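Here's the structure we're looking at; comments come further down.
The values are calculated or read from the model by the stated rules, or taken from the named source; none is laboratory data. Everything numeric here is computed off the predicted structure, so don't read it as measured data. Because the Cβ atoms are built from the backbone with ideal geometry, glycine has one as well, and the counts that use them run over all protein chains shown.
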Amino acid sequence: MKSGMRATDGRLALWARCNGLSITRFGLVVGRKHGGAADRNLLRRRLREAFRLCRQRLPSGLDLAVAPIGGADITVAGAIESLERLSERLARRLAGT
């Protein structure tokens, strides 16, 4: 992402940039290293559900791109925790620039 920033933890890599809107948008990147199609689809469903559940608590006005870290066991609860923490960190960093 041009003009964006990146943050990671043990579960997710998150890229963010300001979108000039009042909503937060969400995109996913799940590569083949996460298994076959069924495994990748399950991971996508978990990440979409995590975003749906925590959308109201995320900073507004961001475009987020999320990629799971290879080998990490990702649950919906863990993804929610990571999304909230990483997006807050990135929103602070973007506001400071």
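Looking only at the stretch 1-44, which residues are of a type outside the set (D, E, K, R) and touching a helix residue (DSSP H, G or I) at 6+ places or on another chain (Cβ under 7 Å)?
Taking the stretch 1-44 first, the residues of a type outside the set (D, E, K, R) are 1, 3-5, 7-8, 10, 12-16, 18-24, 26-31, 34-38, 41-43.
Answer for the stretch 1-44, where residues must be of a type outside the set (D, E, K, R) and touching a helix residue (DSSP H, G or I) at 6+ places or on another chain (Cβ under 7 Å): 5, 7, 12, 14, 16, 18, 24, 26, 28, 30, 34, 43.
Look through the stretch 56-97, keep the residues that are acidic (Asp, Glu) and closer than 19 Å to residue 29 by Cβ, and return whichever of them is surrounded by the most Cβ atoms within 10 Å (Cβ to Cβ). Even if it seems obvious, please write down each step before you answer.
Here is the first cut: in the stretch 56-97, the residues acidic (Asp, Glu) are 63, 73, 81, 84, 88.
Next, only the ones that are closer than 19 Å to residue 29 by Cβ stay: 63, 73.
Details: 63: 18, 73: 8.
Looking at residues that are acidic (Asp, Glu) and closer than 19 Å to residue 29 by Cβ, I get 63.
Does residue 8 meet the test of being under 14 Å from residue 79 (Cα atoms) and among the β-branched types (Val, Ile, Thr)?
Working: under 14 Å from residue 79 (Cα atoms): yes; among the β-branched types (Val, Ile, Thr): yes.
Yes; evaluated as a whole, the condition is true for this residue.
Could you tell me whether residue 38 is part of a helix (DSSP H, G or I), loosely packed, with under 13 Cβ neighbours inside 10 Å and at pLDDT 95 or above? Quick ask: steps written out before the conclusion?
Values: part of a helix (DSSP H, G or I): yes; loosely packed, with under 13 Cβ neighbours inside 10 Å: yes; at pLDDT 95 or above: yes.
Criteria met by residue 38.
Looking at residue 21, is it part of a loop (DSSP other than H, G, I, E, B) and within 17 Å of residue 95 (Cα to Cα)?
Values: part of a loop (DSSP other than H, G, I, E, B): yes; within 17 Å of residue 95 (Cα to Cα): yes.
In short, yes.
Matching residues to (1) closer than 16 Å to residue 87 by Cα; (2) touching an Asp or Glu at 6+ places or on another chain (Cβ under 8 Å):
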position: 10; (1), (2): yes, no
position: 17; (1), (2): yes, yes
position: 25; (1), (2): yes, yes
position: 36; (1), (2): no, no
position: 47; (1), (2): yes, no
position: 52; (1), (2): yes, no
position: 61; (1), (2): yes, no
position: 70; (1), (2): no, no
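Pairs needed: first member in the stretch 3-15, closer than 15 Å to residue 96 by Cβ; second member anywhere, among the charged types (D, E, K, R); C-beta distance under 7 Å; at least 6 residues apart or different chains.
3/17; 4/17; 5/93; 7/89
Determine the pairs where a residue that is free of Cβ contacts under 8 Å to residues at least 60 places away in the same chain and on the phi < 0 side of the Ramachandran plot, located within the stretch 80-97, has a partner that is in a helix (DSSP H, G or I) and not β-branched (Val, Ile, Thr) with Cβ atoms under 7 Å apart, the partner being 6 or more residues away or on another chain.
80/50; 80/53; 80/54; 84/54; 84/57
Quick check on residue 25: is it touching a strand residue (DSSP E or B) at 6+ places or on another chain (Cβ under 9 Å) and surrounded by fewer than 13 Cβ atoms within 10 Å (Cβ to Cβ)? Can you show your working first?
Values: touching a strand residue (DSSP E or B) at 6+ places or on another chain (Cβ under 9 Å): yes; surrounded by fewer than 13 Cβ atoms within 10 Å (Cβ to Cβ): yes.
Taking the combined requirement at face value, the residue satisfies it.
Please verify whether the stretch 56-75 includes one or more residues that are closer than 20 Å to residue 21 by Cβ, free of Cβ contacts under 8 Å to residues at least 60 places away in the same chain and part of a helix (DSSP H, G or I).
Here is the first cut: in the stretch 56-75, the ones closer than 20 Å to residue 21 by Cβ are 56-66.
If we keep only those that are free of Cβ contacts under 8 Å to residues at least 60 places away in the same chain as well, we get 56-62, 64, 66.
Checking which are part of a helix (DSSP H, G or I) leaves us with 56-57.
Among the residues of the stretch 56-75, at least one is closer than 20 Å to residue 21 by Cβ, free of Cβ contacts under 8 Å to residues at least 60 places away in the same chain and part of a helix (DSSP H, G or I), which makes the answer yes.
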